[in-house]
1. Test G69 against the stated conditions and say whether it is in a strand (DSSP E or B) and either surrounded by fewer than 12 Cβ atoms within 10 Å (Cβ to Cβ) or not basic (K, R) (or both).
2. Can you tell me which residues in the stretch 138-160 are over 18 Å from the mean Cα position of the chain (by Cα) and closer than 30 Å to P116 by Cβ?
3. I'm trying to understand the selection: among the residues of the stretch 7-24, which are surrounded by 12 or more Cβ atoms within 10 Å (Cβ to Cβ) and either on the phi > 0 side of the Ramachandran plot or part of a helix (DSSP H, G or I) (or both)?
4. Conditions first: (1) touching a residue at least 40 places away in the same chain (Cβ under 8 Å); (2) among the hydroxyl-bearing types (S, T, Y); (3) farther than 24 Å from E106 by Cα. Y26 passes all but one, so which condition is the exception?
5. When you look at E146, is it in contact with a Gly (Cβ under 6 Å, 6 or more places away or on another chain) and in a strand (DSSP E or B), yes or no?
6. Working only within the stretch 100-135, note down all residues that are touching a helix residue (DSSP H, G or I) at 6+ places or on another chain (Cβ under 7 Å) and among the hydrophobic types (A, V, I, L, M, F, W, C).
7. Examine the stretch 154-173 for a residue that is within 17 Å of N83 (Cβ to Cβ), in a strand (DSSP E or B) and acidic (D, E), and state whether such a residue exists.
8. Go through the stretch 106-138 residue by residue and tally those that are surrounded by 15 or more Cβ atoms within 10 Å (Cβ to Cβ) and not in a strand (DSSP E or B).
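Please treat every number below as a calculation from the coordinates, not as lab data. Note that the coordinates shown come from a computational prediction; the quantities given were computed from them, not determined experimentally. Virtual Cβ from ideal backbone geometry, glycine too; neighbours counted across all protein chains shown.
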Amino acid sequence: MKRLKLIIIYAVVFVGLLLFFVPKIYCYYALEKQLEQFNVRIAQEHVSDQGFSLLVTEGKIYYDDLYVGTFEKLSILPLLVYNRASIENFAISKEMNRFAKGSVSEVNVHHSIVSPWTLYITAHADIGDVTAEVHLKEKHIALLLEPSQALMKRSPFWLRQLKKTEEGGYAYETTYE
């Protein structure tokens, strides 16, 4: 029994050291390369390894050479059994004003081995609170928007594409390829 405890302790320490010393910056650049397949680019960012997490600050996001916006901080925590990415203070560009105005104060994306085929997303923005689930295996997205008063006053064209729920929110479901 004592030997089994020692083996478990060594395994946990080994995995912890592996997670601490893995070159997360190179993994980030590999992720950027994957995003290029979808015409998404992150530019002018500062990347730093924070031990168990990766911190990206002051980045600009482009989609097909269209300037989407700027984020203040992107924090990635890759722990194998639980992964989290958080974006703070995302300001939408003027070019995107027709689609959405304002800013997003926080976006969190969670993934765990409890449900390995699902990404859970929460966001708090000027338009309201958003919760979403991305089912990777079925390629299905379910989104729920709890709109803010400011959004309801503007009533943008894309709000009509969402289905109104009984609780006063708006739901949207789609599949992707």
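1. Yes.
2. Of the stretch 138-160, the ones over 18 Å from the mean Cα position of the chain (by Cα) are 138, 146-160.
Matches in the stretch 138-160: E138, E146.
3. Filtering the stretch 7-24 down to residues surrounded by 12 or more Cβ atoms within 10 Å (Cβ to Cβ) leaves 15-16, 19, 22, 24.
Correct list: V15, G16, L19, K24.
4. (1)
5. Working: in contact with a Gly (Cβ under 6 Å, 6 or more places away or on another chain): yes; in a strand (DSSP E or B): yes.
The answer is yes for E146.
6. Step one: filter the stretch 100-135 for residues touching a helix residue (DSSP H, G or I) at 6+ places or on another chain (Cβ under 7 Å), giving 126-128.
Listed by number, the list holds a single entry, I127.
7. Going residue by residue through the stretch 154-173, those that are within 17 Å of N83 (Cβ to Cβ) are none.
No: zero hits.
8. Total satisfying the criteria: 1.
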